[in-house]
Amino acid sequence: MPPEPPPLGDDVALFHDLDGSLLELAPRPEDVVVAPYLRGLLESLQGRFGGALAIVTGRQLQALDRLLYPLRLAGAGLHGAELRREGAIIETRPAATDGLADALRRYFGDDPNILIEDKGIAVAVHYRQAPERAAECEAVASALASAMGLSATRGKMVIEVLPPQANKGQAVQELMTRPPFTGRRPVFVGDDLTDENGILVAQAMGGYGVKVGAGPSAARYRLGSVGAVHRWLASAAGLRNFA
């Protein structure tokens, strides 16, 4: 079992997954709860690292902004298909996903336990409430992705169809080329298979990765829960009674 991570140094560029790492997972994406102290904690970390804090998530950046309002952090949405590097600028990788969500809805019909989430340039198939259909969901989404020249990425009880080459590792690489990230040591924190690219890139660039929760990972360090992540981050921000 990898050890817990060391205290965060002043030279860090912190890249953080959202669901399952900063927020507890929920049956549906809209059901997540943001801890009342989390926005203040992230704002403190943003100040400590000179703005070199990015949320790298499978959600759209506009959805991230709604959850963390009024914070507007640097980051990557849709696993790197969206990128915000400076202020409010959002760069988007184009993808031809027209008709994909409708095709998936037609296939899965009226099953209330399969959620088709249309994110514009990406589509997610959530089967957390229907684990017995996992292989079927992955096979159908992968086949449609291949037919449309897109990529399929598996996560925890979800498969997402994305623009080609969109992944969290590439997002880290691109953000590290721009201030305030450049010249810093990248640290990537995540809980899912989709975070492994980010972890590997951070470690290849001289930083390290932190795996949240159980499961195999290339990360050098591990924290057991979202609560443990919050406590580790609060220590870095110099907050004691953060809850």
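The values are calculated or read from the model by the stated rules, or taken from the named source; none is laboratory data. Note that this is a predicted model, so its numbers are computed, not measured. Neighbour counts run over all protein chains shown; Cβ positions are idealised from the backbone, glycine included.
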Are any of the residues in region 15-30 free of Cβ contacts under 8 Å to residues at least 60 places away in the same chain, of a type in the set (K, R) and farther than 23 Å from R240 by Cβ?
-> no
Scanning for something out of contact with any helix residue (DSSP H, G or I) (no Cβ under 8 Å at 6 or more places or on another chain), assigned to a strand (DSSP E or B), within 30 Å of Y107 (Cβ to Cβ) and at pLDDT 95 or above, does region 144-163 turn up at least one residue?
-> yes
Enumeration of residues in region 2-57 that are under 22 Å from K168 (Cα atoms) and aromatic (F, W, Y) = F15, F49
Within region 13-28, can you find the residues that are at pLDDT below 95 and either crowded, with 19+ Cβ neighbours inside 10 Å or among the small types (G, A, S) (or both)?
-> A26
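Here's the yes/no breakdown for (1) in a helix (DSSP H, G or I); (2) in the same structural domain as E43 (by TED's automatic domain parsing); (3) free of Cβ contacts under 8 Å to residues at least 24 places away in the same chain:
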site: T182; (1), (2), (3): no, yes, yes
site: P186; (1), (2), (3): no, yes, no
site: V189; (1), (2), (3): no, yes, no
site: N197; (1), (2), (3): yes, yes, no
site: L200; (1), (2), (3): yes, yes, no
site: Q203; (1), (2), (3): yes, yes, yes
site: V210; (1), (2), (3): no, yes, no
site: A219; (1), (2), (3): no, yes, no
site: R222; (1), (2), (3): no, yes, no
Tell me, please, whether a residue that is in contact with a strand residue (DSSP E or B) (Cβ under 7 Å, 6 or more places away or on another chain) and in contact (Cβ under 8 Å) with a residue 40 or more places away in the chain can be found in region 33-41.
-> no
Note on R231: of the conditions (1) in a helix (DSSP H, G or I); (2) touching a residue at least 12 places away in the same chain (Cβ under 8 Å); (3) closer than 20 Å to L25 by Cα, unmet is (2)
Every residue from region 112-126 that is among the small types (G, A, S) and farther than 15 Å from G99 by Cβ | A124
How many residues, within region 125-161, are touching a Leu at 6+ places or on another chain (Cβ under 8 Å) and farther than 22 Å from N113 by Cα?
-> 3
Look through region 52-108, keep the residues that are among the aliphatic types (A, V, I, L, M), within 19 Å of S151 (Cβ to Cβ) and in contact with a Pro (Cβ under 7 Å, 6 or more places away or on another chain), and return whichever of them is modelled with the lowest pLDDT.
-> A95
Which listed residue is small (G, A, S), touching a Ser or Thr at 6+ places or on another chain (Cβ under 9 Å) and modelled with pLDDT of 95 or more, from G213, G198 = G213
